[in-house]
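**Student:** The structure's right below; bear with me while I get my questions together.
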Amino acid sequence: MTDIYLNGAFVPLNQARVPVMDRGFLFGDGVYEVIPTYGGRPVRWIAHMERLERSLAGIRLAPPLTREAWSDLCARLLAQQPGLDQSLYLHVTRGAPPTRDHRFPSDDIPPTVMALAKPISPRPATLAEQGVTVLVREELRWGRCDLKTISLVAAVLFAQEASEQDAEETLLQRDGWMIEGASSNLFAVIDGVILTPPLSHALLAGITRALVIDLARAAGLRVDERPISRTELNQAQEVWITSATREIMPVTRIEQQVIGEGCPGPIWRKLDAAYQDYKQHLEPL
Ligand code: PDD
């Protein structure tokens with residue numbers, strides 16, 4: 001049993017408790033981060049810290065810890081299972097006041113701060129040959145999907161529906177335009193150009209998304225951040241989803257529609273190789 005971090009202490013996971021009045025429990029009033037680490041070294045630590053600070057500012061919650069304090073506690077969490085590739089999960093809620101009230105609690109109520117590390121599951125053995133299937137559904141989340149909040153019931157429903165249909169993910173569309181996945185960002189290769197929807201309040205600024213754009217451009221590939229229509233997605237040569245734990249995942253079927261040749265494409269292979277190489281050259285915490 002590994003320890004998790006909870007409000008300043010390291011405690012065994014099965015002994016960690018939060019009060020029922022916690023606003024995360026009652027309202028989903030909090031934010032989170034997921035940071036992949038390989039050999040104890042994080043992917044784009046500063047970018048994750050900046051996004052956490054943006055999410056906190058977006059829900060008007062002061063940063064509970066300095067970046068240095070986050071770094072120290074994360075190093076301690078990772079050290080429990082040295083050598084393993086692990087994702088760090090950081091979670092901050094607006095704390096547990098004595099009564100339930102939608103309005104913010106008084107300033108003397110401290111936020112609830114939790115963090116844990118868990119091993120990253122290896123990618124499916126068939127991924128590089130077969131890719132994955134995704135569904136497409138109408139967007140039904142809120143207007144600030146750029147904030148990484150713990151209010152995730154829509155994402156839960158989309159994930160469950162995908163799982164029930166043996167799909168990896170649900171892509172979201174609005175008015176015929178693709179947005180992102182329920183827990184990933186979207187890329188498509190159309191006419192040889194790598195496309196991904198531009199950042200806005202409608203989607204999360206994925207750290208993997210930004211990294212993939214940088215790796216692609218460094219490899220001399222063209223990347224355009226521009227809207228992708230539902231119609232052009234079906235005609236794409238390649239489609240990928242990206243996230244901290246999925247890395248770059250090739251999509252070979254959108255519901256019944258086969259993408260490209262029905263197997264992961266050459267540009268995915270090139271970028272996946274660049275991503276795997278990048279993981280070997282990370283900075284320590
Ligand atoms: N999900 N979009 C959404 C809605 C997400 O939830 C995520 C990540 C992403 C990709 O962001 P990143 O590349 O920084 O992981 C995009 C995480 C992994 C999760 O919810 O567990």
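The values are calculated or read from the model by the stated rules, or taken from the named source; none is laboratory data. The structure displayed is predicted, hence computed values, not measured ones. Here the Cβ positions follow ideal geometry from the backbone for every residue, glycine too, while neighbour counts run over all protein chains shown. Only protein heavy atoms, including side chains, enter the accessible area calculation; ligands, DNA and RNA are left aside. Shrake-Rupley method; radii C 1.70, N 1.55, O 1.52, S 1.80 Å.
**Student:** Can you name every residue in the stretch 37-65 that is closer than 19 Å to ARG144 by Cα and among the basic types (Lys, Arg)?
**Tutor:** ARG51, ARG54, ARG60
**Student:** Only one of ILE241, ILE248, ILE228 is at pLDDT 95 or above and more than 12 Å from the ligand (Cβ to nearest atom); which?
**Tutor:** ILE228
Rundown of residues vs (1) within 19 Å of GLN257 (Cα to Cα); (2) open to solvent by less than 60 Å² (accessible area, probe 1.4 Å), yes/no style:
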residue	(1), (2)
LEU147	no, yes
GLU168	yes, no
LEU171	yes, yes
GLY176	yes, yes
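**Student:** Quick one: in the stretch 92-105, which of the residues that are surrounded by 19 or more Cβ atoms within 10 Å (Cβ to Cβ) and of a type outside the set (A, V, I, L, M) is farthest from the ligand (Cβ to nearest atom)?
**Tutor:** GLY95
**Student:** State all residues of the stretch 106-141 that are open to solvent by 30 Å² or more (accessible area, probe 1.4 Å) and in contact with a helix residue (DSSP H, G or I) (Cβ under 8 Å, 6 or more places away or on another chain); if no residue qualifies, say none.
**Tutor:** LEU116, ARG137, LEU140, ARG141
**Student:** A further question on this structure: Quick one: would you say SER200 is modelled with pLDDT of 95 or more, open to solvent by 10 Å² or more (accessible area, probe 1.4 Å) and within 14 Å of the ligand (Cβ to nearest atom)? Quick ask: steps written out before the conclusion?
**Tutor:** Numbers: modelled with pLDDT of 95 or more: yes; open to solvent by 10 Å² or more (accessible area, probe 1.4 Å): yes; within 14 Å of the ligand (Cβ to nearest atom): yes.
Considered against the rule, which asks whether it is modelled with pLDDT of 95 or more, open to solvent by 10 Å² or more (accessible area, probe 1.4 Å) and within 14 Å of the ligand (Cβ to nearest atom), SER200 comes out as yes.
**Student:** OK, next. Filter the stretch 11-38 down to the residues that are within 17 Å of GLN81 (Cβ to Cβ) and of a type outside the set (Val, Ile, Thr), then identify the one that is least open to solvent (accessible area, probe 1.4 Å). Talk me through it step by step, then tell me what you get.
**Tutor:** Initially, the stretch 11-38 is screened for residues within 17 Å of GLN81 (Cβ to Cβ), giving 11-14, 34-38.
Going one step further and asking which of them are of a type outside the set (Val, Ile, Thr), we end up with 12-14, 36, 38.
Working: PRO12: 37, LEU13: 90, ASN14: 88, PRO36: 3, TYR38: 18 Å².
Among them, the one singled out is PRO36.
**Student:** Within the stretch 34-85, track down each residue that is assigned to a helix (DSSP H, G or I), acidic (Asp, Glu) and within 16 Å of the ligand (Cβ to nearest atom).
**Tutor:** GLU50, GLU53
**Student:** Taking the stated definitions as given, is ALA274 among the aliphatic types (A, V, I, L, M) and either surrounded by fewer than 14 Cβ atoms within 10 Å (Cβ to Cβ) or assigned by TED's automatic domain parsing to the domain that holds ARG41 (or both)?
**Tutor:** no
Conditions tested, residue by residue: (1) open to solvent by 30 Å² or more (accessible area, probe 1.4 Å); (2) in contact with a Leu (Cβ under 7 Å, 6 or more places away or on another chain); (3) over 12 Å from VAL134 (Cβ atoms).
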site	(1), (2), (3)
THR245	yes, no, yes
ILE248	no, yes, yes
ARG253	yes, no, no
VAL258	yes, no, yes
CYS263	yes, no, yes
LYS270	yes, no, yes
LEU282	no, no, yes
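**Student:** So which of GLY220, GLY206 ends up being over 22 Å from the mean Cα position of the chain (by Cα) and either within 16 Å of the ligand (Cβ to nearest atom) or modelled with pLDDT of 95 or more (or both)?
**Tutor:** GLY220 is the lone residue from the list that is over 22 Å from the mean Cα position of the chain (by Cα) and either within 16 Å of the ligand (Cβ to nearest atom) or modelled with pLDDT of 95 or more (or both).
**Student:** Since ILE241 meets every condition but one in (1) open to solvent by less than 20 Å² (accessible area, probe 1.4 Å); (2) in contact with a helix residue (DSSP H, G or I) (Cβ under 9 Å, 6 or more places away or on another chain); (3) within 30 Å of GLY40 (Cα to Cα), which condition does it not meet?
**Tutor:** The single condition ILE241 does not satisfy is (2).
**Student:** Report the residue count in the stretch 243-279 for those that are within 21 Å of the chain's Cα centre (by Cα) and within 17 Å of ARG217 (Cβ to Cβ).
**Tutor:** So the count comes out to 9.
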